[in-house]
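Colleague: Dumping the structure here so I can ask a few things about it.
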Amino acid sequence: MTEGEKSRLVAWNQEIHRAHARLREALAVVREELDSAAVEKAGRDLLLFCRGFCTALTGHHEGEDRELFPAIAADHPELRGTLRALEQDHSMIGYLLSDMRVAMNRDASPAELERHLEGIGAIMESHFRFEERKLMSVLEELALDADPDEVLGNL
């Protein structure tokens, strides 16, 4: 194995850490914007941040379900139960994001949007930690020839 191949194999571990970090940062930005909008009404900027965050998180999970998890399952069939649990998390988070979109579309108050973000953030963090704990060693060795933006979302 050449050094270039080895660095590419290790990159999936690093890529998922970077993707999770960017999504955590995006959630923090949305919450910060929500705090500043709480005094006034939730403005256009807040809705853009919320929609952007929802789109980014959804894209991340869709890419994992479509490309990353099947590649892991092919190499590590013993992880299929773990992958199913992660996909169920994706579904639950998708449902929470959908509820948040409905709230945004009906001009929910900043307090209501904060409750939605609180729930999404808690599940998202739990999901990321579980995923990192269960998959990082596998991702260090994963030979998946794909664009990280396609697999983990264009973050």
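Colleague: What about S91, is it closer than 20 Å to R24 by Cα and surrounded by fewer than 17 Cβ atoms within 10 Å (Cβ to Cβ)?
Modeller: Here the answer is yes, as S91 does meet what is asked.
Colleague: Next up: Please determine, by comparing only the residues of region 103-125 that are free of Cβ contacts under 8 Å to residues at least 24 places away in the same chain and not in a loop (DSSP other than H, G, I, E, B), which one is nearest to R24 (Cα to Cα).
Modeller: Looking at residues that are free of Cβ contacts under 8 Å to residues at least 24 places away in the same chain and not in a loop (DSSP other than H, G, I, E, B), I get A122.
Colleague: Oh, and also: Return the residues of region 67-92 that are in contact with a Leu (Cβ under 9 Å, 6 or more places away or on another chain), closer than 12 Å to F130 by Cβ and not hydrophobic (A, V, I, L, M, F, W, C); say none if nothing qualifies.
Modeller: The one that is in contact with a Leu (Cβ under 9 Å, 6 or more places away or on another chain), closer than 12 Å to F130 by Cβ and not hydrophobic (A, V, I, L, M, F, W, C): T82.
Colleague: Can you tell me how many residues in region 135-154 are more than 16 Å from A73 (Cβ to Cβ) and crowded, with 19+ Cβ neighbours inside 10 Å?
Modeller: Total meeting the criteria: 3.
Colleague: Say we look at region 94-113 and pick out the residues that are among the aliphatic types (A, V, I, L, M) and surrounded by 13 or more Cβ atoms within 10 Å (Cβ to Cβ); which of these is nearest to C54 (Cα to Cα)?
Modeller: Only one residue tops the list, namely L97.
Colleague: Yes or no: S98 under 22 Å from G59 (Cβ atoms), among the hydroxyl-bearing types (S, T, Y), at pLDDT below 95 and assigned to a helix (DSSP H, G or I)?
Modeller: When the stated conditions are applied, S98 passes them.
Colleague: What are the residues in region 114-133 that are surrounded by 15 or more Cβ atoms within 10 Å (Cβ to Cβ) and either acidic (D, E) or under 24 Å from A74 (Cα atoms) (or both), if any?
Modeller: Hits for region 114-133 are E114, H127, F128, E131.
The values are calculated or read from the model by the stated rules, or taken from the named source; none is laboratory data. Keep in mind it's a predicted model, so treat the numbers as computed, not measured. Cβ atoms come from the backbone with ideal geometry, glycine included; neighbour counts cover every protein chain shown.
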